[in-house]
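Asks: Below is one structure. I have some questions about it.
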Amino acid sequence: MESLRLVLIVCHIAALVVLLGGVVYHLARRSPAGPAVVGGAAALLGTGVLLVAVLVAGDLGINGPKIGVKTAVAAAVLGCAVAARRAVPPRQPMMYATGAFALVNAAVAALWA
Ligand code: HEM
């Protein structure tokens, strides 16, 4: 169970790297968000849910309010990413919002004990 949790954390962080890398790339090119941005946002949500399942199954305890806030912010990240992908012409503010919400969630993860 512990090794599964560690693998999921690595996937969770990798999804964040893919998302932020995609945001920076498309902001620099002034192009609509690519599949990496939407995929990274969806993977963050998916691996987050799986992490919670592993913590519950292993009786390791979860911080309910923190998970609730992270899920809401992750949903906002995914919504902004989808909007940034569909926008024609490209909408830079949607891309900035995607990256900013993702960083907010990373801060919540790291700073909320
Ligand atoms: C944009 C979305 C997200 C970002 C940027 C993000 C970021 C992070 C980061 C940086 C960590 C590792 C740091 C730490 O553990 O203190 C982490 C851990 C974690 N995240 Fe997320 N997260 C996101 C979405 C979610 C969602 C939606 C859930 C749950 C539904 C979730 C559940 C967790 C859990 C349970 C851990 C801790 C795992 C452990 O310590 O065993 N995350 N997240």
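Asks: May I ask you to list the residues in the range 41-73 that are touching a residue at least 60 places away in the same chain (Cβ under 8 Å) and either more than 6 Å from the ligand (Cβ to nearest atom) or outside any helix (DSSP H, G or I) (or both)?
Replies: Result: ALA41, single match.
Asks: Collect the residues in the range 38-62 that are of a type outside the set (A, V, I, L, M, F, W, C) and either loosely packed, with under 13 Cβ neighbours inside 10 Å or within 16 Å of ARG85 (Cβ to Cβ) (or both), keeping them in residue-number order. Give the steps one after another, and end with the answer.
Replies: Narrowing the range 38-62 to residues of a type outside the set (A, V, I, L, M, F, W, C): 39-40, 46-48, 58-59, 61.
Within the range 38-62, GLY39, GLY40, GLY58, ASP59, GLY61 qualify.
Asks: Could you grab me the full set of residues in the range 12-37 that are assigned to a helix (DSSP H, G or I), surrounded by 16 or more Cβ atoms within 10 Å (Cβ to Cβ) and within 15 Å of the ligand (Cβ to nearest atom)? Break it down stepwise before answering.
Replies: Residues of the range 12-37 that are assigned to a helix (DSSP H, G or I), as a first pass: 12-29, 35-37.
From what is left, the residues that are surrounded by 16 or more Cβ atoms within 10 Å (Cβ to Cβ) are 12, 15-16, 18-20, 22-23, 26-27, 36-37.
Hits for the range 12-37 are HIS12, ALA15, LEU16, VAL18, LEU19, LEU20, GLY22, VAL23, ALA36, VAL37.
Each value in this text was obtained by applying a stated rule to the coordinates, not by laboratory testing. If you're wondering where the values come from, they're calculated on a predicted model, not measured in any experiment. In this analysis, Cβ positions are derived from the backbone assuming ideal geometry, glycine residues included, and neighbour counts consider all displayed protein chains.
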